[in-house]
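**Q** Submitted below is the structure of interest, expressed as structure tokens.
Bear in mind that the values in this text are calculations on the coordinates, not laboratory data. All values reported here derive from a predicted model rather than from experimental measurement. Here the Cβ is made from the backbone with ideal geometry for all residues, glycine too, and neighbour counts use every protein chain on show.
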Amino acid sequence: MDESSLIRDAQRGDLDAFNRLVLAYQEALFNTALRILGDEDLAADATQEAFLSAFRSLNAYRGGSFKAWLLRTVTNACYDELRRRKRRPTAPLEPDDSDGEEIESPRWLADLDASPEEQFDQAELEHAIQHCLDALPTDFRVVVVLADIQGLDYSEVARAVRVPLGTIKSRLARARLRLRECLQAFWELLPAAFRLQSEDRA
């Protein structure tokens, strides 16, 4: 994919070029929204809104990582959705307490080549990770998703959420500590490498 050419064509109004960019990045944006919002339907809505917003403001893109630019757009859409939810609170299907909201593991994360037992373990681990992400304050959850799941560097995360670099580093350090502490409750589900790493720090 010649991303630069597609972006230039899309900026000139070529819908086919923009749709090819959507296909290339829709999974990354949906994954980001899902991890931030913890709900597949809300994540799908935020992803759609992000792409609509990106298309409307495409001429404002001035280079750099296009993925990071799109992730900033979907992060903004997620913040908008979280603000709407505060204005219109709804009762969750599962208990929502200080530990966060319980949700089912996303079906699209399943490894179809895994055995049924491995698929079950993977689903349980994904559930545990999402449970611990949901328990984080929103600002912590956003930076962890962008840095540790989507792989943005610290400066890209800082631009995405429009806060100073030092704040990003502080939030990430605190968020990772909270995640590590939360995941200790799911010790048997964690990969062996993570357990060894945690033991080394002890």
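**Q** Highest mean first, how do 125-133, 60-68, 30-38 rank when packing is the count of other Cβ atoms within 10 Å averaged over residues?
**A** For the peptides 125-133, 60-68, 30-38, the packing ranking is 30-38, 125-133, 60-68.
**Q** Hey, what did the range 1-90 get for relative contact order, percent, Cα under 8 Å, at least 6 apart?
**A** Relative contact order here is 26 percent.
**Q** Note down the net charge around Ser65, summing +1 for each Lys or Arg and -1 for each Asp or Glu among other residues with Cβ under 11 Å from its Cβ.
**A** Summing Lys/Arg as +1 and Asp/Glu as -1 gives 0.
**Q** Just to confirm a number: summing +1 for Lys and Arg and -1 for Asp and Glu over residues other than Ala28 whose beta-carbon lies under 14 angstrom from that of Ala28, what do you get?
**A** Counting the neighbours of Ala28, the net charge comes to -1.
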